[in-house]
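Structure first, then comments.
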Amino acid sequence: MLIRMYEASDDVFLEEMLFEAFFWKDDAMRPALSCFREEPEFAKVFAGWGRHGDAALLALSSHGEKLGAAWYRLWTSEDHSYGFVRPDVPEIGIGVAAPHRSKGVGRALLRCLVETARGDGFSALSLSVSPDNRAKLLYEEEGFRRVGESGTSWTMLLDPVPQP
Ligand SMILES: CC(C)(COP(=O)(O)OP(=O)(O)OC[C@H]1O[C@@H](n2cnc3c(N)ncnc32)[C@H](O)[C@@H]1OP(=O)(O)O)[C@@H](O)C(=O)NCCC(=O)NCCS
């Protein structure tokens, strides 16, 4: 597996992985991505991608197949997503394509994303996760701690971002 930085041609895949993160429950009814893409809470996550504080990574197989993606973005107190904590703390998201889950891709992406954040000078990272999502265990194992709730989801914080 190879992990590389986002390229402009990854837009569609990034959106697909965000869709997976929104509809993470295996048995959940999910709309078609083509319909859901215009929903404001979804559309804003990658809108105008490339501003200060945006970063995304892709995991690829040795054949070049895209396996999963992880990203972060800075938000403001006025305009933010579910896992917002502070304007200086990027919020992360992660998704692995269903056939490639439970093989270490997500953890590898998360660790690389934390390294990227450290390199970009961020001292903390936040996220939002349902307490029913197994992904919560991954986040806890990687050092994230629950700091609040937003709706039915937990807000978690990695603070400080660990040094190497
Ligand atoms: C959550 C997710 C990114 C983890 O990536 P992954 O490649 O499947 O996970 P890994 O194989 O690296 O395993 C790391 C940990 O993730 C969790 N995990 C593993 N498979 C998972 C799955 N199918 N769904 C949720 N979490 C899973 C486990 O805690 C696992 O730890 P363990 O190996 O000690 O049991 C991935 O399963 C996924 O995309 N799920 C759907 C979208 C989602 O829930 N995104 C996060 C929203 S907050």
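Values quoted throughout were computed directly from the atomic coordinates according to the rules given, and no laboratory measurement underlies them. These numbers come from a predicted model, not from an experiment. Virtual Cβ from ideal backbone geometry, glycine too; neighbours counted across all protein chains shown.
Here are a few things to note about the model shown:
- Any hit, region 143-151, residues being part of a loop (DSSP other than H, G, I, E, B), among the hydrophobic types (A, V, I, L, M, F, W, C), touching a strand residue (DSSP E or B) at 6+ places or on another chain (Cβ under 6 Å) and buried (at least 16 other Cβ atoms within 10 Å of the Cβ): yes
- Residue list for region 1-10, filter: in a loop (DSSP other than H, G, I, E, B) and exposed (fewer than 12 other Cβ atoms within 10 Å of the Cβ): Glu7
- The condition (being in a helix (DSSP H, G or I) and either within 8 Å of the ligand (Cβ to nearest atom) or without any contact (Cβ under 8 Å) to a residue 12 or more places away in the chain (or both)) is satisfied by just one residue among Leu127, Leu138: Leu138.
- Candidates Leu125, Leu110, Leu67, Leu74: the one that is touching a His at 6+ places or on another chain (Cβ under 9 Å) and closer than 18 Å to Thr155 by Cβ is Leu74.
- Enumeration of residues in region 106-121 that are in a loop (DSSP other than H, G, I, E, B) and in contact (Cβ under 8 Å) with a residue 40 or more places away in the chain: Asp120
- When the helices (runs of 4 or more DSSP H) confined to region 11-74 are screened for residues that are within 16 Å of the ligand (Cβ to nearest atom), those reaching at least 3 such residues are found at 11-22, 40-46.
- Residues satisfying the stated conditions in region 84-116, i.e. among the acidic types (Asp, Glu), farther than 18 Å from Ile3 by Cα and more than 12 Å from the ligand (Cβ to nearest atom): Asp88
- Residue within region 93-103 that is assigned to a loop (DSSP other than H, G, I, E, B) and in contact (Cβ under 8 Å) with a residue 60 or more places away in the chain present: yes
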